[in-house]
Amino acid sequence: MPESQPTRLVVTVELLLDGDREDFMRLVAENAATSLHDEPGCHQFDVSIDCADDRKVFLYEVYEGDAAFSAHLASPHYATFAARTTGMIARKHVRRFWLKAG
């Protein structure tokens, strides 16, 4: 990251579910809440459902930077979430952005 770039990292995840939607939503809500509570570098973790197709889920996450996102991916609660939801996700697309202030 160039020095002039902001330090906060935005991660978006687009998911297409292929499985038990209610179970997935419970698990992702637990993951989001635990991330916000237990990870000091996680500033925001929103879970949204597509208005036209409830199989499509959008996650919007804000981290202090790369190290905080790496810590999230290495956390025990994320490992549990990933293992328990593997068969529920048909498609996953992750994008990373630097948060521009102002």
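Some values worked out for this structure:
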quantity: For GLY41, net neighbour charge (Lys/Arg +1, Asp/Glu -1) across residues whose Cβ lies under 12 Å away; calculated: -4
quantity: Helix 76-85 axis, angle to the chain major axis (alpha carbon atoms, nearest 10°); calculated: 40
quantity: Hypothetical label at ARG91: residues of the range 34-59 whose amide nitrogen lies under 18 Å (7 Å Cα-Cβ projection); calculated: 48-59
quantity: Amide H contacts of ASP18 (H built 1.01 Å from N, under 5 Å, at least 5 apart or other chain); calculated: ILE89, ALA90
quantity: Per DSSP, loop GluC sites (Glu not before Pro) in the chain with at most 13 further Cβ within 10 Å; calculated: GLU3
quantity: Gained length - ASP46 relative to LEU73, 0.36 nm times residue gap less alpha-carbon distance; calculated: 8.1 nm
quantity: Helical contribution to [θ] at 222 nm, DSSP H n ≥ 4, -39,500 (n - 2.57), averaged over the chain, rounded to 500; calculated: -11500 deg cm²/dmol
quantity: Carbon/sulfur fraction of accessible area - the chain, other protein chains in place, 1.4 Å, %; calculated: 53
quantity: Between 0 and 90°, nearest 10: helix 21-38 axis offset from the chain longest Cα axis; calculated: 30
quantity: Solvent-accessible ranking of THR86, THR7, THR34, THR12, largest area first, probe 1.4 Å; calculated: THR86, THR7, THR34, THR12
quantity: ILE49, ILE89, reordered so the largest accessible area comes first (probe 1.4 Å); calculated: ILE49, ILE89
quantity: Of every Cα-Cα pair in the range 9-59, the percent that sits beyond 18 Å; calculated: 31
quantity: Cα pair distances exceeding 18 angstrom across the chain, given as percent; calculated: 47
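The values are calculated or read from the model by the stated rules, or taken from the named source; none is laboratory data. As the structure is a computational prediction, the values presented were derived from the model and not from experiment. Virtual Cβ from ideal backbone geometry, glycine too; neighbours counted across all protein chains shown. The area values use the complete protein model at the heavy-atom level, side chains included, leaving out ligands, DNA and RNA. Shrake-Rupley method; radii C 1.70, N 1.55, O 1.52, S 1.80 Å.
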